[in-house]
Amino acid sequence: MINNGSHLILYSHNRNVRGKERSVIYNFKKGTLSFIPNSLSELLDELTDKPVATVRAELEGEDRETFDEYVSYLRTNQLAFYTNEPHAFPEMPGEYFSPEHITNCVLEFNPARDYSHFSHQLNETLCKNLEIRVPAGFGQLNTLKELLEHLRSTTLRSIAIYLEADERLQLSALQVLYHQFTKLDKITVLDYKEEIPTGHQEDIEFFKDSAESVYSKPFPLDKYLVNRKYFLLSSNYHPYFYKRIEVGFNGEVKNCLLHQQSFGNIFQQNVSEIISCEDFMKWWNVSNDQIEDFKGNELRYALFTQQPLKLTSKGTYQLEAF
Amino acid sequence: MSEEQTNPSAAYVTIFEEEFLQKLPVFYRYMILTETSSIGEMYAHTRFSKSAAHFSKEYIQYTPVNPYSNILLEEKEHD
């Protein structure tokens, strides 16, 4: 560790976020959170411009001891480093940009419907990630294969499949599917009553939980996503609704399948027409800073919530029940 | 030195015949064999798909860093 240098600054992969009662340093390299008192957060702001010695000289007695403890904490946890050239280490840019019109799509697959037109439309949005929820039933894999065939040359980078198990479902058939369609990222089988198969190489998992219970639960508020991409997204836009469509069993398009409101139907309208509607995009630019419930929460850029929002008279937003 | 020294943590190999080794620096006798699959840059475990829009037949499949949706399943739920 370098202990020389006039200035002490945070590594650029660390970001200090202030909350109402405490602050936290997001470490994007390790994916960890280091909670610190607000007084240390203020000190970090001061240290970006002033040399360590100057700041220390302004303090006396116990304050100086606390300052030394803070500096020691930052160094021991490898959160900050000394340098004589603080301007050579600018803060990480805070903008978020993605070229896609839609980044994420969730589709409740209906084996009785034709998704060829939708696949084409999804490709035009340059969509990157797709989650397909497949209901139980005879022939589900054959109809699913038809959809995957349509998606074979699209812009999708990854496809996750959630499959409700039935007595005909076999691991070997899933393995073939996994190898046949290389856009598949993972296959998750729900409601699986048999002994959980092990030892296979493919990313195929089996869970006993019922599909309904899995789909109906919002992402828990005590699980935090700590990475640079997510931080930039959530500090600029709504981390869940931004550039996302979710399509129900009958083709209805929503911001989230847990919501009631629908904005159109993929079997009757073009996806581009639905997603360009202002009402559909109304929450895209609402970052967690603008949500009253999260404003004072230092972990606001790590939360992944799906709750609908309500505009308040102050121009901010409040969470609403599903 | 007559005593042969071995490093238990590394199995040395050479890909050259003795004829060439005599002309090469000594460390060509002590090469370490690494499996291609253990090197990320070799893309040995990468799955490739296609993208017509990108004119690519080697379109890398990758797992997004953030969840696809509200679904969170944890390993302990296997029981």
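Would you be able to say whether some residue in region A:109-119 is within 14 Å of another protein chain (Cβ to nearest Cβ), open to solvent by less than 10 Å² (accessible area, probe 1.4 Å) and out of contact with any strand residue (DSSP E or B) (no Cβ under 6 Å at 6 or more places or on another chain)?
Within region A:109-119, one or more residues are within 14 Å of another protein chain (Cβ to nearest Cβ), open to solvent by less than 10 Å² (accessible area, probe 1.4 Å) and out of contact with any strand residue (DSSP E or B) (no Cβ under 6 Å at 6 or more places or on another chain).
Which of the residues spanning region A:120-136 are open to solvent by 20 Å² or more (accessible area, probe 1.4 Å) and among the hydrophobic types (A, V, I, L, M, F, W, C)?
Within region A:120-136, the subset open to solvent by 20 Å² or more (accessible area, probe 1.4 Å) is A:120, A:123-124, A:126, A:128, A:135-136.
The answer is A:Leu126, A:Ala136.
Considering only region A:137-174, how many residues are open to solvent by 50 Å² or more (accessible area, probe 1.4 Å) and more than 14 Å from chain B (Cβ to nearest Cβ)?
8
Exactly one of (1) out of contact with any helix residue (DSSP H, G or I) (no Cβ under 6 Å at 6 or more places or on another chain); (2) surrounded by 15 or more Cβ atoms within 10 Å (Cβ to Cβ); (3) of a type outside the set (D, E, K, R) is unmet by A:Pro197. Its number?
All conditions are met except number (1).
Could you check region A:249-273 and list, in sequence order, the residues that are among the aliphatic types (A, V, I, L, M) and more than 13 Å from every other protein chain (Cβ to nearest Cβ)?
Within region A:249-273, the first condition is being among the aliphatic types (A, V, I, L, M), and the residues that meet it are A:253, A:257-258, A:266, A:271.
Correct list: A:Val253, A:Ile266, A:Val271.
One line per residue, one yes/no per condition, for (1) within 14 Å of chain A (Cβ to nearest Cβ); (2) under 25 Å from A:Leu177 (Cα atoms); (3) open to solvent by 60 Å² or more (accessible area, probe 1.4 Å):
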| position | (1), (2), (3) |
| --- | --- |
| B:Leu21 | no, no, no |
| B:Arg29 | no, no, yes |
| B:Ile39 | no, no, yes |
| B:His54 | yes, yes, yes |
| B:Glu58 | yes, yes, yes |
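Does region A:1-57 hold any residues that are open to solvent by 40 Å² or more (accessible area, probe 1.4 Å), in contact with a Pro (Cβ under 7 Å, 6 or more places away or on another chain) and aliphatic (A, V, I, L, M), and which are they?
none
Could you list all residues from region A:271-308 that are open to solvent by less than 60 Å² (accessible area, probe 1.4 Å) and more than 18 Å from the chain's Cα centre (by Cα)?
Going through region A:271-308, the residues open to solvent by less than 60 Å² (accessible area, probe 1.4 Å) turn out to be A:271, A:274-275, A:277, A:280, A:283-284, A:286-289, A:291-292, A:294, A:296-308.
Hits for region A:271-308 are A:Val271, A:Ile274, A:Ile275, A:Cys277, A:Phe280, A:Glu292, A:Gly296.
Suppose the filter is open to solvent by 30 Å² or more (accessible area, probe 1.4 Å), closer than 21 Å to A:Arg228 by Cα and over 30 Å from the mean Cα position of the chain (by Cα); does A:Ala88 pass it?
Working: open to solvent by 30 Å² or more (accessible area, probe 1.4 Å): yes; closer than 21 Å to A:Arg228 by Cα: yes; over 30 Å from the mean Cα position of the chain (by Cα): yes.
Against the criterion (open to solvent by 30 Å² or more (accessible area, probe 1.4 Å), closer than 21 Å to A:Arg228 by Cα and over 30 Å from the mean Cα position of the chain (by Cα)), A:Ala88 qualifies.
Out of region A:214-248, which residues are in contact with a helix residue (DSSP H, G or I) (Cβ under 6 Å, 6 or more places away or on another chain), surrounded by fewer than 21 Cβ atoms within 10 Å (Cβ to Cβ) and either of a type in the set (D, E, K, R) or within 12 Å of another protein chain (Cβ to nearest Cβ) (or both)?
A:Tyr224, A:Leu225, A:Val226
Looking at (1) in contact (Cβ under 8 Å) with a residue 12 or more places away in the chain; (2) among the acidic types (Asp, Glu); (3) over 30 Å from A:Lys128 (Cβ atoms), which is the only condition A:Glu42 fails?
Against the list (1) in contact (Cβ under 8 Å) with a residue 12 or more places away in the chain; (2) among the acidic types (Asp, Glu); (3) over 30 Å from A:Lys128 (Cβ atoms), A:Glu42 comes up short only on (1).
On the given criteria, is A:Lys208 under 30 Å from B:His45 (Cα atoms), surrounded by fewer than 16 Cβ atoms within 10 Å (Cβ to Cβ), assigned by TED's automatic domain parsing to the domain that holds A:Leu144 and not hydrophobic (A, V, I, L, M, F, W, C)? Break it down into steps so the answer makes sense when it comes.
Values: under 30 Å from B:His45 (Cα atoms): yes; surrounded by fewer than 16 Cβ atoms within 10 Å (Cβ to Cβ): yes; assigned by TED's automatic domain parsing to the domain that holds A:Leu144: yes; not hydrophobic (A, V, I, L, M, F, W, C): yes.
Yes.
Look at A:Ser98 and say whether it is away from every other protein chain (no Cβ under 11 Å) and touching a His at 6+ places or on another chain (Cβ under 6 Å). Can you show your working first?
Working: away from every other protein chain (no Cβ under 11 Å): yes; touching a His at 6+ places or on another chain (Cβ under 6 Å): no.
Against the criterion (away from every other protein chain (no Cβ under 11 Å) and touching a His at 6+ places or on another chain (Cβ under 6 Å)), A:Ser98 does not qualify.
Is it fair to say A:Asn104 is open to solvent by less than 40 Å² (accessible area, probe 1.4 Å) and either within 19 Å of the chain's Cα centre (by Cα) or more than 30 Å from A:Phe207 (Cβ to Cβ) (or both)? So that I can check it myself, show each step before the final result.
Details: open to solvent by less than 40 Å² (accessible area, probe 1.4 Å): yes; either within 19 Å of the chain's Cα centre (by Cα) or more than 30 Å from A:Phe207 (Cβ to Cβ) (or both): yes.
Spelling it out, A:Asn104 is indeed open to solvent by less than 40 Å² (accessible area, probe 1.4 Å) and either within 19 Å of the chain's Cα centre (by Cα) or more than 30 Å from A:Phe207 (Cβ to Cβ) (or both).
Do you know which residues across region B:41-51 are out of contact with any strand residue (DSSP E or B) (no Cβ under 9 Å at 6 or more places or on another chain), open to solvent by 60 Å² or more (accessible area, probe 1.4 Å) and within 14 Å of chain A (Cβ to nearest Cβ)?
The first filter runs over region B:41-51 and keeps only residues out of contact with any strand residue (DSSP E or B) (no Cβ under 9 Å at 6 or more places or on another chain), leaving B:41-42, B:44-45.
Going one step further and asking which of them are open to solvent by 60 Å² or more (accessible area, probe 1.4 Å), we end up with B:41-42, B:45.
If the condition is that a residue be out of contact with any strand residue (DSSP E or B) (no Cβ under 9 Å at 6 or more places or on another chain), open to solvent by 60 Å² or more (accessible area, probe 1.4 Å) and within 14 Å of chain A (Cβ to nearest Cβ), then B:His45 is the only one that fits.
The values are calculated or read from the model by the stated rules, or taken from the named source; none is laboratory data. What you see is a predicted model; the values in this text were computed from it and never measured. Don't worry about glycine lacking a Cβ; one is built from the backbone with ideal geometry, like all the others, and counts go over all protein chains shown. Please note that ligands, DNA and RNA were not included when accessible areas were found on the heavy atoms of the full protein model with its side chains. Shrake-Rupley method; radii C 1.70, N 1.55, O 1.52, S 1.80 Å.
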